[in-house]
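*Asks:* Just dropping this structure here.
Nothing in this text is a laboratory measurement; each read-out follows from the coordinates by a stated rule. All of these numbers come straight from a predicted model, not from anything done at the bench. Reconstructed Cβ throughout: ideal geometry from the backbone, glycine too, with neighbour counts over all protein chains shown.
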Amino acid sequence: MDNSTALLPGLIQIIAKTIETNAVELTALDQAIGDGDHVTNLQRGIQALSVQSGELATLEWQPALQKMGMTIMSSIGGASGSLYGTLFVALSKNLQAQVPTLAIFADAFAKAVDAVKQRGKADKGEKTMLDVLIPVAEHLHQKATASTSLPEIAADMKQIAMTGAESTRDMVATKGRASFLGERSKGHIDAGAKSSQLMICALVDALSKP
Ligand code: ADP
Ligand code: MG
């Protein structure tokens with residue numbers, strides 16, 4: 001795997017494509033138990049990142065991720081803007097190495113997901129993006145040793161992300177807009193869990209190609 005930020009423009013386009021491909025389904029999920037703006041929120045952020053992608057590719061990982069986090073926070077708005085923004089800012093803060101290995105990235109990602117938990121005052125089981133991010137971070141952290149590569153754990157990672165998203169279907173939301181519905185939030189997958197799953201699966205596919 002090429003470890004430089006030259007990867008970023010391509011990865012941003014991959015994210016844009018998976019959100020576009022699944023826009024109808026994601027919007028329907030946020031309409032069912034939220035306010036229906038999740039896709040337009042994400043697309044505003046992705047558009048802002050696309051504009052910066054040439055510049056991002058010239059930066060080291062830490063400043064690039066910091067810049068991405070700030071851009072996400074200021075362009076997305078809504079709950080997901082501050083949470084995804086926090087994820088990137090915390091990833092930057094915790095990614096000490098200039099050329100991160102998978103093990104170093106896994107450690108920083110686990111800490112970044114902890115920062116999202118704190119920011120949203122939420123945990124696993126509350127029907128949010130954390131039901132995908134937490135199990136993925138735990139699995140990555142557990143598997144990514146110096147001797148493991150992403151292709152070796154790619155299939156597991158994707159399965160865990162999909163299981164996490166699906167697990168939100170029967171949960172009662174206790175955080176975010178869906179929590180206003182209480183018991184009636186049951187029966188629908190959480191939009192943020194689904195978008196996190198889609199983005200993780202697309203990134204894993206792209207990064208684990210030989
Ligand atoms: P908004 O809820 O402001 O309309 P979005 O529709 O863009 O923002 O994002 C909604 C998603 O944000 C939810 O589906 C859920 O996954 C996530 N979310 C909301 N509140 C929290 C929270 N406190 N902690 C973690 N994730 C949350
Ligand atoms: Mg919404």
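*Asks:* The stretch 136-210 to the stretch 28-99: how many Å between their Cα centroids?
*Replies:* Distance between centres, Cα-based: 17 Å.
*Asks:* While we're looking at this one, here's another question. Can you give the extra length, in nm with one decimal, that the chain gains between Glu183 and Val99 once fully stretched, where that is 0.36 nm per residue apart less the Cα-Cα distance?
*Replies:* Details: separation 84, 0.36 × 84 = 30.24 nm, distance 4.63 nm.
Net length gain for the segment: 25.6 nm.
*Asks:* Roughly what angle does helix 102-120 make with the longest principal axis of the chain, taking Cα atoms, 0 to 90 degrees, to the nearest 10?
*Replies:* Helix 102-120 sits roughly 30 degrees off the main axis of the chain.
*Asks:* Among Val51, Val99, Val116, determine the one that fluctuates most according to a GNM of the chain built with springs between C-alpha atoms less than 10 Å apart.
*Replies:* The residue that fluctuates most here is Val51.
*Asks:* Let me ask you something else. Roughly how many debye, to the nearest 20, is the charge dipole of the chain about its Cα centre, given +1 on each Lys and Arg Cβ, -1 on each Asp and Glu Cβ, and no other charges?
*Replies:* Numbers: 19 positive and 21 negative charges, 70 e Å.
Dipole of the chain, to the nearest 20 debye: 340 debye.
*Asks:* Answer with one residue from Thr58, Phe88, Thr18: the one whose Cα lies farthest towards the positive end of the charge dipole of the stretch 1-104, charges on Cβ with Lys, Arg +1 and Asp, Glu -1.
*Replies:* Result: Thr58.
*Asks:* On C-alpha positions alone, give me the angle between the axis of helix 150-167 and the longest principal axis of the chain, in degrees, nearest 10.
*Replies:* Orientation of helix 150-167: about 10 degrees from the principal axis.
*Asks:* Name all residues of the stretch 29-47 having a backbone nitrogen under 15 Å from the label point set 7 Å from the Cα of Arg169 along its Cα→Cβ direction, giving them as ranges.
*Replies:* 29
*Asks:* Among the lysines in the chain, how many pairs, 8 or more places apart or on different chains, have alpha carbons under 17 Å apart?
*Replies:* 22
*Asks:* Over all directions, how big on average is the projection of the convex hull of the alpha-carbon atoms in the chain, in square nanometres?
*Replies:* Details: hull surface 40.3 nm².
In nm², the orientation-averaged hull projection of the chain is 10.1.
*Asks:* Sticking with the crude label model, points 7 Å out along Cα→Cβ, report the distance from Gln47 to Ala23 in nm, one decimal please.
*Replies:* Result: 1.0 nm between the two label points.
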